[in-house]
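Structure first, then comments.
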Amino acid sequence: MSSDIASQVSANALHERLLAVHERGDAGALVALYRQAGEAAEGEGDIDRACFFYVHAYVFALEAGHPEANWIRARLRRYRREE
């Protein structure tokens, strides 16, 4: 399987997982999945896409009072997406 196809399969799987977790309204799982997606994109060097996911993780973390909010905020600050 080429890396492009593998990436698409992975992106589709993530999308399906996110939809299911959104449906359940599980804020903690949303934080974890969006952070995981951000870390994966960051590892691929796609900082804009990583920050897109980190922003989502941050919003859900803030809404839920999740303990990872500070870590996510620091990551966004690192890339100048948060002051």
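The figures follow:
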{"read-out": "The stretch 1-30 residues that are on the phi > 0 side of the Ramachandran plot and surrounded by 12 or more Cβ atoms within 10 Å (Cβ to Cβ), paired with ones that are at pLDDT below 75 and among the hydrophobic types (A, V, I, L, M, F, W, C) (beta carbon under 9 Å, 6 or more apart)", "value": "none"}
{"read-out": "Some residue of the stretch 16-39 being polar (S, T, N, Q), out of contact with any strand residue (DSSP E or B) (no Cβ under 6 Å at 6 or more places or on another chain) and under 12 Å from I72 (Cα atoms)", "value": "yes"}
{"read-out": "Test: residue in the stretch 62-78 that is crowded, with 23+ Cβ neighbours inside 10 Å and under 19 Å from A20 (Cα atoms)", "value": "no"}
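The values are calculated or read from the model by the stated rules, or taken from the named source; none is laboratory data. Computed from a prediction, not measured in an experiment: that's the story for all the values here. Counting neighbours? That spans all protein chains shown, and the Cβs are built from the backbone with ideal geometry, glycine included.
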